[in-house]
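The values are calculated or read from the model by the stated rules, or taken from the named source; none is laboratory data. These numbers come from a predicted model, not from an experiment. Here the Cβ is made from the backbone with ideal geometry for all residues, glycine too, and neighbour counts use every protein chain on show. Accessible surface areas use protein heavy atoms only, side chains included; no ligands, DNA or RNA. Shrake-Rupley method; radii C 1.70, N 1.55, O 1.52, S 1.80 Å.
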Amino acid sequence: MFSSVPRVVFLLVPILIGVTPTNIHTIIQVEQVHQVFLTRERNSSKQNLSDPRGRQQTSKGEYTEEGKYIEELEEAFKLSLEIGDLQAAAHISAELGITYFALEEHDSAIEAFQFILDIEKQIEEDSDIISLAYNNLGNIYSSLEQHEESVQYYLKGLSLDQREGDFIGQGTTYYNLGLAYFDIGRFEESAQAFRDSIYAYENIEDNFLPEEQISWSDEQIDIFNMLQRSLISQNKYSEALVFAERGRARYLNEFLMDRFFFEELKDADHIRQEIENPTIESLVQASRDHEATLVVYTIVRYTNEIIVWVIQPDGHIRNRLIALEENSFESLTNFVSINPSRGDSSFHSLINSARGIDTEAGNENTSLETLYDLLIEPIKAWLPNDANELVIFIPQLELFKVPFAALQDSRTGKYLIEEHTISISPSVFTLKLTVRRQGQIENLGNEALIIGNPTLSDYVRNEYMFSPLDGAEAESNAIARLLDVNQENLLLNENATKSAIMKNLNSFKYIHFATHGLFENLRIYPPDHYAPVLPSAYEIIPGFLAIAPSAQDPKGQLTAQEIYEYTLNYPLNANMVVLSACQTGHGYLSSGGPFGLPYAFLLAGTPSIVVSLWNISDGGTQFLMEEFYYQLLESEDIYRLNKSHALRQAMLSTMEEYPDPKTWGAFVLIGQP
């Protein structure tokens, strides 16, 4: 049985398992016990909207704190029966069942949920708790590999959700049902269940604000990915590819459509339909328009597999299904995660090596070779032979952290950037929007704004241990000379304040930051590296760039959120933004790419962003960036897609001076190549 991703565990309310009610043992009346659960319901009303009844996330043993949680629940359960409050008894029994399930005490869990079904007629108005019982029983029997039994419970829960008009409940139940059908090889039925899950969620999407819709779409990634997997099992490759595109960056694309192309496309309904219902023809056309080979990755976490699609300009579409077990990896999450809490892994070691953290010399090359064998070798024959032909990678989730340019073929010793010109895009349709946006702003500006080595505030120095960057200042001066930048647009040291930067930020063709950067949680998020589960968390886009302090801004931080908010009124007209700073490519891993600085600039209307994946060296970065702008100017009359070619040439030149991929391999071009 596949088990890398926990199934959804239904809770009446979004109660995170392992959160113990305060002082249950002091509550005398069962009505007060019930009130504790209702209070938790109100306080948690916005958590995990795609699964409003919660998830099984807690490992065995977390319920033994103070050794009394189960005993207190059982005491409250008995008291509720004594005074005849069956609704309270059902709620407490549900909490008991979830706790027992997490502790893998399946018989006790089944007994707890069965109690709810036994009194179903007496509490029939409380349909949520009844649906909870059906779905959790389905989950338990699935975990015991009694799949036919689990299907029956899911179907009963689904019938109840449909009768009550509960679209969120239907969406979650259909997803659980799809997993159960998949586990027993009923792929046609599993695919239909996943489709129905998507359709159920789409019935309530119009109730959300745009920033909430971004989060909502991220919560459905696994549904789209399992639908693709089920379709591939039926040899329905075209339909699977369509859903691969449909499930990523949807609301990023809709936001860009509404903001920048409303007047232009308001009567072109067929354009908007491409977001909701892409076609094979539209995907192939994007490949032809960019004269590029598109490589689309889908992570199927439930089965520990990767689906790779290769769309060629001549119309050929290929695909590979890569089982991670065959490559001796325990799971995709552990392999490519950069979250230290998940433990070390090959990719984690590469990132640590780039940061200089406890990694033996040479390990990073092994990791680069391993990633090449996993992600590139299976599709190598379908990539172009001409190194000047463009390859656009469209990753998903953790794969946005992969330094594709630095992946190394162990047989030839060559890095991928030596063989191909590379860029990254959140989705195929995003490419269509960024090329349109590039056309809109092509003739709007010819100046560049350069921000280099800002004077650091005491706060930034002390909080993040940052120090001045002499190389960043030299880099900025050199680029300013290359681009013939006016002195007032070269902001160095104490002049690089927020007010000076934001003054005319929307009037430049190029914007270049050479400073410190950091992906930082600016509010408390769940302890996971995926996008936050709360739509309201998207009020703040994490990450900042260090700038010079001022009386109005003593901390000296330009945050991603400030950039986004500024550009709501003053969209950027920059053809390209370069973030020559550490970790600027980091972010919560959403369906539209890293939700951080890159996302902020995409939303601001920038078609191309150059960012870094790890901490970068001062001297090596200075060399690479000077070469990048030199190549950019030299190549404008040679290649239509000049930014990606310029970045490739800069990497190759830097490689000769600084062979270590930690120096040159961190940078990626996101958006329009």
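Observations on the model:
- Out of 556, 587, sole residue that is crowded, with 24+ Cβ neighbours inside 10 Å and modelled with pLDDT of 90 or more: 556
- Residue in the stretch 81-92 that is touching a residue at least 60 places away in the same chain (Cβ under 8 Å) and over 11 Å from residue 133 (Cα atoms) present: no
- Filter result for the condition that a residue is at pLDDT below 50 and in contact with a helix residue (DSSP H, G or I) (Cβ under 7 Å, 6 or more places away or on another chain), over 315, 343, 362, 356: 343
- A single member of 154, 181 is hydroxyl-bearing (Ser, Thr, Tyr) and open to solvent by 10 Å² or more (accessible area, probe 1.4 Å), and it is 181.
- For residue 565, the conditions (1) assigned to a loop (DSSP other than H, G, I, E, B); (2) over 20 Å from residue 436 (Cβ atoms) are fulfilled apart from (1).
- Failed item in (1) at pLDDT below 95; (2) crowded, with 17+ Cβ neighbours inside 10 Å, with residue 203 passing the rest: (2)
- Residue in the stretch 126-143 that is at pLDDT 90 or above, in a loop (DSSP other than H, G, I, E, B) and either in contact with a strand residue (DSSP E or B) (Cβ under 8 Å, 6 or more places away or on another chain) or more than 18 Å from residue 161 (Cα to Cα) (or both) present: no
Residues are listed down the side, and each one gets a yes or a no for (1) among the hydrophobic types (A, V, I, L, M, F, W, C); (2) surrounded by fewer than 24 Cβ atoms within 10 Å (Cβ to Cβ); (3) farther than 17 Å from residue 544 by Cβ:
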| residue | (1), (2), (3) |
| --- | --- |
| 607 | no, no, yes |
| 632 | yes, yes, yes |
| 652 | yes, yes, yes |
| 669 | yes, no, yes |
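- Considering the stretch 450-509, the residues that are modelled with pLDDT of 90 or more and aromatic (Phe, Trp, Tyr) include one that is farthest from residue 628 (Cα to Cα), namely 459.
- Scope the stretch 116-125; condition surrounded by fewer than 23 Cβ atoms within 10 Å (Cβ to Cβ) and in a helix (DSSP H, G or I); matching residues: 117, 118
- Restricting the stretch 97-110 to residues that are under 17 Å from residue 75 (Cβ atoms) and open to solvent by 10 Å² or more (accessible area, probe 1.4 Å), the residue that is modelled with the lowest pLDDT: 100
- For the stretch 490-499, the condition of being under 18 Å from residue 550 (Cα atoms), within 32 Å of the chain's Cα centre (by Cα) and in a strand (DSSP E or B) holds for at least one residue.
- Some residue of the stretch 242-256 being aromatic (Phe, Trp, Tyr), out of contact with any Lys or Arg (no Cβ under 6 Å at 6 or more places or on another chain) and modelled with pLDDT under 85: yes
- Residue in the stretch 536-553 that is farthest from residue 513 (Cα to Cα), counting only those that are part of a helix (DSSP H, G or I) and open to solvent by less than 20 Å² (accessible area, probe 1.4 Å): 537
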